[in-house]
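The next block holds one structure in the form of C-alpha cells; read it before the comments.
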Amino acid sequence: MNSDNLKYVLRQFVERTLPVSRPRELVLPIGTGKVVGLAGVRRSGKTFLFFDTIRRLTEQGINRRRIVYLNFEDDRLNPIRSEELDLVLRSLRELYPETLNQRVFLFLDEVQNAPGWERWLRRLQDTEDVALYVTGSSSKLLTRDLTTALRGRSITLEVFPLSFREFLAFRDIPVIPHSADNESLVRGALETYLAWGGFPEIVLAEDTLRPLILEEYASLLFYRDVVERYGIRNEKLMRELLRHVFRNTAGLVNVSKLHRDFVSMGFSVSKNTIFDYLGFLEEAFLIFLVPRQEQSLRKQAHNPKKLHVIDPGLVAAFKANPARDVGHKLETAIFLEMRRTRKDLFYFTNGSEVDLCDGEGTLFINSCWSLAEPETRRRESGAMALGHSRWPQARGLLLFHEYAPGARPEIPEALAAWRFLTQREK
C-alpha cells in the first residue's frame with residue numbers, strides 16, 4: 001500500500017460530497033465502544049449505511065477530517081501487506097495534524113481484503129482513540145473471525161437487500177388503510193418486488209436496465225465472492241450448483257439426490273464436495289439452508305434442508321421469465337422478512353408441510369400464491385391443521401396473494417401477504 005496513494009484517497013474522501021442515500025430501517029449505532037461489523041451480500045447497501053452514519057456524525061459536529069472511509073477493493077490501495085495497515089492513521093495525521101489527539105472514526109469496506117486485518121483492528125481498539133466500523137461479504141468473516149479476534153468487543157449486524165416496506169419507501173408508495181385503490185397499487189408493487197427483488201440499485205433503475213444489472217450482479221457474486229474467495233477449482237460444477245439453487249428457491253435440498261443428478265450430468269464429484277460448495281454459498285450470503293424442526297439434532301441433521309436465496313429478484317438472472325415461480329418467490333420473501341430479525345427458523349413436514357416455524361413453538365407460517373382453487377384451500381387447510389396439532393399454543397398464519405374476487409378466505413388464519421410484509425410487528 002503506497003502512502004502517497006493512500007493520502008490521495010484519504011484527502012479525496014474528506015473533500016468529496018457524500019452520495020445521497022435513502023433511509024433504511026437499519027440504523028448503525030454510534031458511541032457503543034465496540035467495533036461494529038456489517039455482514040451481508042454484496043450490493044445490499046452496506047456502504048450507503050456507512051455514508052448515512054457519516055452524515056449523522058457530521059450533523060453532530062464531527063469534522064470530516066476525523067472520518068476515514070476506505071474501500072479495500074480500491075485498486076489504488078493494492079497490493080496491501082499487513083505491516084502497512086498502520087499507514088492509515090499515520091497518513092491521516094500527516095495530512096491533518098489536528099487529528100492527532102482527537103477521536104477518529106474509521107469506516108473500512110470489504111475489510112477481508114486486508115491481510116492481518118483482525119490483529120490490526122484489535123490493536124487499534126486497544127491502543128487508539130478510534131471508533132471502528134467494518135463490512136464484509138462473508139458470514140464467517142464477521143460472525144466468527146471478528147468475534148474471535150476481538151473477544152466480545154464487537155457487534156455484528158446483518159444487512160439484507162431491501163425489505164418490501166423499504167421497497168415501497170424507495171418507490172414513494174405509501175400504505176393507506178382502507179383504500180381499495182392503494183391496496184391495488186401495493187399489490188402490484190409486491191409483484192414487481194418479487195420479479196426484480198430488493199437490491200437498491202435495481203429498485204431505482206429503469207425497467208430496461210434491471211435484467212442487465214441482475215446479470216452483472218450474478219456474475220460478480222459468482223466470481224468475486226465464491227470462485228476467488230474459496231479458490232474453487234471446479235468452476236463449472238459451482239456454476240451449475242448456483243444455477244440449481246436459484247432456480248429452486250423454497251425447495252428442499254437433498255445432497256444425495258444432488259450428487260446423483262450431477263453424476264448423471266457427467267461431473268466427477270463427491271457428496272462432500274457438494275456439501276462444501278453449498279456451505280460456501282451460504283457463507284457468501286447467497287443462500288440460507290433451513291433445517292427441519294426436530295427435537296433430535298441427529299434427526300435434524302439427516303433430514304433435507306429447505307433452501308431460500310438471498311433475494312427473489314436474483315432468480316431472474318437464472319431464469320428467462322422473472323414472473324415464473326411467483327409462489328416460491330413469495331415464500332422466500334416471507335422467510336427473508338422473518339430472517340431479518342431472528343435466526344431460529346425451521347420448516348416441518350409430516351404428510352403436509354409447514355413452510356416456516358420458530359424454535360419456540362409460538363409461530364408458524366404457510367404461504368401460497370392463490371387461494372382461489374378449492375384444491376389449494378384443502379391443501380393449505382391441512383397444512384394449518386398440522387401446525388396447530390404440533391404447536392397447539394402457536395399463532396398460525398396463511399399468507400396469500402390472490403383470492404376469488406369479492407370473496408373472503410374460508411381459512412380463519414388467512415392474511416394477504418402484502419399486509420404481513422408491510423407490518424413492522426410480526
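The values are calculated or read from the model by the stated rules, or taken from the named source; none is laboratory data. Source: prediction; values computed, not measured. Quick reminder, even Gly has a Cβ in these numbers, built from the backbone with ideal geometry, and neighbours come from all protein chains shown. Only protein heavy atoms, including side chains, enter the accessible area calculation; ligands, DNA and RNA are left aside. Shrake-Rupley method; radii C 1.70, N 1.55, O 1.52, S 1.80 Å.
Go through segment 248-264 and give me each residue that's among the aliphatic types (A, V, I, L, M), within 16 Å of Met238 (Cβ to Cβ) and surrounded by 18 or more Cβ atoms within 10 Å (Cβ to Cβ). Val253, Leu258, listed by residue number.
Here the condition is being in contact (Cβ under 8 Å) with a residue 60 or more places away in the chain, closer than 18 Å to Gln112 by Cβ and of a type in the set (Ser, Thr, Tyr); of Thr47, Thr32, it holds for Thr47 alone.
Residue-by-condition table, conditions (1) of a type in the set (Gly, Ala, Ser); (2) in a helix (DSSP H, G or I); (3) closer than 21 Å to Leu38 by Cα:
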residue: Gln102; (1), (2), (3): no, no, no
residue: Leu132; (1), (2), (3): no, no, yes
residue: Thr135; (1), (2), (3): no, no, yes
residue: Arg144; (1), (2), (3): no, yes, yes
residue: Ile155; (1), (2), (3): no, no, yes
residue: Pro161; (1), (2), (3): no, no, yes
residue: Ile176; (1), (2), (3): no, no, no
residue: Leu190; (1), (2), (3): no, yes, no
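Condition test on Phe267, is it under 27 Å from Ala385 (Cβ atoms), surrounded by 13 or more Cβ atoms within 10 Å (Cβ to Cβ) and either out of contact with any strand residue (DSSP E or B) (no Cβ under 6 Å at 6 or more places or on another chain) or of a type outside the set (S, T, N, Q) (or both)? No: the conditions fail for Phe267.
Screening segment 176-199 for residues that are of a type in the set (Val, Ile, Thr) and open to solvent by less than 70 Å² (accessible area, probe 1.4 Å) and picking the one that is farthest from Ser139 (Cα to Cα) gives Val186.
Taking residues in segment 200-217 that are open to solvent by 80 Å² or more (accessible area, probe 1.4 Å), and partners anywhere that are assigned to a helix (DSSP H, G or I) and at pLDDT 95 or above, the pairs with Cβ atoms closer than 8 Å and at least 6 places apart or on different chains are Glu201/Ile213; Leu204/Phe170.
The set of residues from segment 91-110 being open to solvent by less than 10 Å² (accessible area, probe 1.4 Å) and among the aromatic types (Phe, Trp, Tyr) comprises Tyr96, Phe107. Taken together, Leu168, Leu150, Leu141 contain a single residue that is closer than 27 Å to Arg339 by Cα, modelled with pLDDT of 95 or more and crowded, with 17+ Cβ neighbours inside 10 Å, which is Leu168. Taking the criterion of being in contact with a Leu (Cβ under 9 Å, 6 or more places away or on another chain) and over 28 Å from Leu220 (Cβ atoms), the only residue of segment 269-290 that qualifies is Lys271.
What do you reckon, is Leu278 under 17 Å from the mean Cα position of the chain (by Cα), open to solvent by 20 Å² or more (accessible area, probe 1.4 Å), modelled with pLDDT of 95 or more and farther than 30 Å from Gly188 by Cβ? In short, no.
Any residue at all in segment 288-310 that's more than 30 Å from Gly361 (Cβ to Cβ) and open to solvent by less than 10 Å² (accessible area, probe 1.4 Å)? Within segment 288-310 (the criterion being more than 30 Å from Gly361 (Cβ to Cβ) and open to solvent by less than 10 Å² (accessible area, probe 1.4 Å)), the answer is no, since none of the residues qualifies.
Restricting segment 322-381 to residues that are polar (S, T, N, Q) and within 20 Å of Arg187 (Cα to Cα), the residue that is most open to solvent (accessible area, probe 1.4 Å) is Ser370.
Just the residues that are open to solvent by less than 10 Å² (accessible area, probe 1.4 Å) and either under 24 Å from Ala169 (Cβ atoms) or within 19 Å of the chain's Cα centre (by Cα) (or both), please, taken from segment 18-43. Across segment 18-43, the qualifying residues are Leu28, Val36, Gly37, Leu38, Ala39, Gly40, Val41.
Scanning segment 228-238 for residues that are modelled with pLDDT of 95 or more and buried (at least 17 other Cβ atoms within 10 Å of the Cβ) yields Ile232, Leu237, Met238. Just one residue in the set Leu330, Leu286 is in contact (Cβ under 8 Å) with a residue 12 or more places away in the chain and farther than 30 Å from Ile232 by Cα; that residue is Leu330. Quick check: is even one residue across segment 27-36 touching a Gly at 6+ places or on another chain (Cβ under 7 Å), over 26 Å from Asp311 (Cβ atoms) and among the hydroxyl-bearing types (Ser, Thr, Tyr)? The answer is no; no qualifying residue exists.
For segment 163-174, the set of residues classified as farther than 30 Å from Arg144 by Cα, in contact (Cβ under 8 Å) with a residue 24 or more places away in the chain and assigned to a loop (DSSP other than H, G, I, E, B) consists of Arg171 only.
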